[in-house]
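To keep things clear, I will list the structure first and then write my remarks on it.
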Amino acid sequence: MELAVIILFVLSIAVVSALWGRIEKRRAASPKPDAGSKAAAGSAGSSAGTKPAASRPGRPARPRPAPVETGTSPQAARDAASLLSADQHRQIYAALGQGQPVKALKLYATFTGAGIRASGAAITNLAAHPQPYVRPVPNDDSPAQSTKPAPEKTESDAVREEEISKWAQELRPEDFYKP
């Protein structure tokens, strides 16, 4: 008899937890009603002594943050793409296409020498408004540019890489897709 009571107790706990999980899933999937219908439903079905948080007179509802604008534009994407060579352009879009925005950010910062925020904004623009590679048109008025040898990596570059990595760890691939 004692064994039957223990088994029934365990089964009742399992059933209650399964039902609670379903209720939570439905609650999460259902759209949120507006504040007016909450207050009406809360006052009609509330038990004595408890009131919903939205209808408390001394406590204002928390303001919701405004939706964040991406601030992307096709012109900004063209400007960002114009700083890249054909191979650099290909590497950055390959990283974006593979769902690796952090790698694309590091590449852009390395190729252009731009800061972290500027590189992040450029990658966001390039991802939101894809640009084909356009070969730069040389100016006839400007004197011939002397080619400089590639600079060697210094300790400050290593520190900069670490700084980019720390900042980029907070980025998600969803941040770079069009809404």
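The values are calculated or read from the model by the stated rules, or taken from the named source; none is laboratory data. Predicted model, so just to flag it, every value in this text is computed and none were measured. Virtual Cβ from ideal backbone geometry, glycine too; neighbours counted across all protein chains shown.
Values for this structure:
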read-out: Qualifying residue in segment 146-165 (condition: surrounded by 11 or more Cβ atoms within 10 Å (Cβ to Cβ), under 20 Å from Ala80 (Cβ atoms), modelled with pLDDT of 70 or more and not acidic (Asp, Glu)); value: yes
read-out: Some residue of segment 49-71 being surrounded by 12 or more Cβ atoms within 10 Å (Cβ to Cβ), modelled with pLDDT of 85 or more and of a type in the set (D, E, K, R); value: no
read-out: Where Gln131 falls short, out of the listed (1) modelled with pLDDT of 70 or more; (2) under 18 Å from the mean Cα position of the chain (by Cα); (3) under 16 Å from Thr72 (Cα atoms); value: (2)
